[in-house]
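Written below as structure tokens is the structure these notes are about.
None of the figures in this text is laboratory data; all of them are computed from the coordinates on show. All values derive from a computational prediction rather than experimental measurement. Backbone-built Cβ (ideal geometry, glycine too); neighbour counts: all protein chains shown.
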Amino acid sequence: MAKWASDKKETEMMRVWKQMYKAKNVQIYSRDAIEKLLHEEKTNLDKVAVISFYDPPSRRGVDKDYKPVDYFGKANRLFQIPLHDIDIEILADFDLTYETYLPEVDKLAEFIYAAKSDKLDIICQCEYGQSRSAGCAAAIREHFNSDGIKVFADYRYYPNQLVYNKVYDALEEHIKRRTERKADNC
């Protein structure tokens with residue numbers, strides 16, 4: 001009985017934490033759209049945290065001159081991630097497993113919670129603004145608002161399932177650890 005009461009209290013604390021950090025504004029951008037925005041003189045990303053996915057070098061032939069989007073002088077909060085836009089079926093073709101795909105995910109969860117704590121909007125950006133960024137945005141919205149399905153239902157996006165699951169699971173684990181620490185201090 002005491003364990004159940006503890007679990008119920010922990011679940012309630014997790015709900016309260018999520019409500020505090022409700023994801024009010026999570027936007028999805030392509031490389032072209034964000035570069036246009038960055039070149040506008042009045043662009044100010046002071047109240048925005050940016051999560052930028054870019055193609056890592058690979059044996060499949062990414063252009064040698066390819067570089068991630070340059071946010072220098074525009075974004076104060078930036079988390080850039082080199083990440084293949086692939087499905088689970090071909091992870092092995094890239095010498096990856098589910099566990100080794102997106103190894104930065106725990107740090108990304110911390111970055112997202114820090115941004116929400118500071119009441120920042122979040123921009124998720126990838127090459128075409130359809131897959132990796134959409135998967136990340138859907139996970140954030142699902143975790144905080146329980147409405148990530150809206151991203152999946154929008155015909156403009158094809159959320160990457162690996163990104164979605166890895167980010168969502170990391171956010172859930174982050175809040176669980178945070179709640180456990182809080183409960184231990186009570």
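Sort the following peptides by mean Cβ neighbour count (other Cβ atoms within 10 Å, averaged over residues), highest first: 144-156, 104-116. Show your work: numbers first, answer last.
Working: 144-156: 14.2, 104-116: 19.2.
Those peptides, ordered most packed to least, come out 104-116, 144-156.
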Burial ordering of Ser52, Ser30, fewest other beta-carbon atoms within 10 Å first: Ser30, Ser52
Phi to ³J(HN,Hα) by Karplus 6.51 cos²θ - 1.76 cosθ + 1.60 over the stretch 141-150, Hz, x for Gly, Pro: 5, 5, 5, 8, 10, 6, 9, x, 4, 4
Within the stretch 96-122, backbone nitrogen closer than 20 Å to the virtual label 7 Å beyond the Cα of Gln27 toward Cβ: 112-122
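Please arrange Thr97, Thr179 by counting, for each residue, the other beta carbons lying within 10 Å of its beta carbon, fewest first. Could the numbers behind the result be given before it?
Working: Thr97 10, Thr179 19.
Ranking Thr97, Thr179 by Cβ neighbours within 10 Å, fewest first, gives Thr97, Thr179.
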Distant-in-sequence amide H partners of Tyr128 (H built 1.01 Å from N, under 5 Å): Arg31
Spherically averaged projected area in nm², based on the convex hull that wraps the Cα atoms of the stretch 49-147: 7.2 nm²
Among the listed pairs Lys150/Lys176; Lys36/Lys119; Lys42/Lys107; Lys64/Lys107; Lys107/Lys176; Lys67/Lys107, those beyond 19 Å (Cα-Cα): Lys150/Lys176; Lys36/Lys119; Lys42/Lys107; Lys64/Lys107; Lys67/Lys107
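Would you work out if the stretch 28-99 is rounded, prolate or oblate? Take a ≥ b ≥ c from the square roots of the eigenvalues of the alpha-carbon gyration tensor; rounded if a/c is under 1.5, else prolate when a/b is larger than b/c, oblate otherwise.
Details: a/c = 2.96, a/b = 2.06, b/c = 1.44.
Judged from the Cα gyration tensor, the stretch 28-99 comes out prolate (a/c at least 1.5, a/b above b/c).
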